DNA sequence: AATAAGGAGTCAC
DNA sequence: GTGACTCCTTATT
């Protein structure tokens, strides 16, 4: 199934370049090569069309729950993320005739893929909303929310820090800015931030103007139902990260999901994400790990039988 | 040097 | 009271 879809995608004009994901899963030995070390090309990192690699990776995840190394992703070109969302949103999935031409069949498959992609994008947004404790619609963001989103996006994609250039902007302000405005505030990653915001805006736009049919709607209700979210526990936060391997496996990943054993690949990064979530700029791994150790006596997290550095185990696996 | 373990004080809810 | 943050010492990798 996956190979079929991959082949279709590979042969489709919208997905001309199939390239490995920068967050390539670790080898069997468990060693991990930081994507920052291998210095992937800007297109690999998603510049300026960053949304697509992540979206497509999410789509791959939907097709195959396992985080397999063979997964490939496409570099975007002719279709922006927002356009892709729009296309699926406004397409009608109805008309299928027995005399379909090859092209139409291909279109149908593409449509299916796009529908799946939209669903996964919305789920990713739902996850981010939950982890960040912000609303899904950027128009509703306060200045603080904007800063959280910026910090998060920068850390998630390892972009240079530029959130200071966006200080005292509300979500409305941000949404009214052009791509050029973004670039002026951040030469290095303004275009990427703009692309990401575009995805969120498009997803929020799906809320209105249509009634529930496609898979995107379930995902959307998931997005809105998560807000306002409750204070999140550290163990919940870690589990959320672990359950999104395509987004976060570069910093935390399962060693043995069945047993609940996981490894923190980038301690500083995980701590930073946790600090963003809790509005604790001084958060570091020393403090985060102290909180994890408090879980020992509570029976939530423990060290595995064979203790290894940065490896922990949920006492009650999912 | 980074990580692990755990004591102890503090704070917000 | 609870959960988390913070700072700390000591031990281990």
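The values are calculated or read from the model by the stated rules, or taken from the named source; none is laboratory data. Here the structure is a predicted model, which is why all the values come from computation and not from measurement. Ideal geometry is used to build each Cβ from the backbone, glycine not excepted, and the neighbour counts take in all protein chains shown.
Condition check for residue A:197 on (1) surrounded by 17 or more Cβ atoms within 10 Å (Cβ to Cβ); (2) modelled with pLDDT under 95: one failure, at (2). Taking the numbered list (1) surrounded by 14 or more Cβ atoms within 10 Å (Cβ to Cβ); (2) touching a strand residue (DSSP E or B) at 6+ places or on another chain (Cβ under 9 Å); (3) in contact (Cβ under 8 Å) with a residue 12 or more places away in the chain in turn, residue A:259 passes all entries but (1). Restricted to the stretch A:240-305, the set of helices (runs of 4 or more DSSP H) holding at least 3 residues that are under 22 Å from the mean Cα position of the chain (by Cα), closer than 30 Å to residue A:143 by Cβ and within 16 Å of DNA strand C (Cβ to nearest atom) comprises A:267-277.
Cβ-Cβ distances below 9 Å connect the following pairs, each with a first residue in the stretch A:295-313 that is at positive phi and touching a residue at least 12 places away in the same chain (Cβ under 8 Å), a second residue that is within 12 Å of DNA strand C (Cβ to nearest atom) and not in a loop (DSSP other than H, G, I, E, B), and a separation of six or more residues or different chains: A:310/A:285; A:310/A:289. On the given criteria, is residue A:272 near DNA strand B (Cβ under 8 Å from one of its atoms), more than 17 Å from residue A:231 (Cα to Cα) and either free of Cβ contacts under 8 Å to residues at least 12 places away in the same chain or buried (at least 19 other Cβ atoms within 10 Å of the Cβ) (or both)? For residue A:272, the condition - near DNA strand B (Cβ under 8 Å from one of its atoms), more than 17 Å from residue A:231 (Cα to Cα) and either free of Cβ contacts under 8 Å to residues at least 12 places away in the same chain or buried (at least 19 other Cβ atoms within 10 Å of the Cβ) (or both) - is not met.
Among the residues of the stretch A:275-316, the ones that are surrounded by 14 or more Cβ atoms within 10 Å (Cβ to Cβ), more than 9 Å from DNA strand B (Cβ to nearest atom) and over 19 Å from residue A:232 (Cβ atoms) come to 2 in all.
Scanning the stretch A:236-255 for residues that are away from DNA strand B (no atom under 12 Å from the Cβ) and in contact with a strand residue (DSSP E or B) (Cβ under 8 Å, 6 or more places away or on another chain) turns up A:238, A:239, A:241, A:242, A:245, A:252, A:253, A:254, A:255. Looking only at residues in the stretch A:180-189 that are touching a residue at least 24 places away in the same chain (Cβ under 8 Å) and over 18 Å from the mean Cα position of the chain (by Cα), the one that is surrounded by the most Cβ atoms within 10 Å (Cβ to Cβ) is A:186. Restricting A:254, A:220 to residues that are at pLDDT 95 or above and farther than 20 Å from residue A:287 by Cα narrows the list to A:254.
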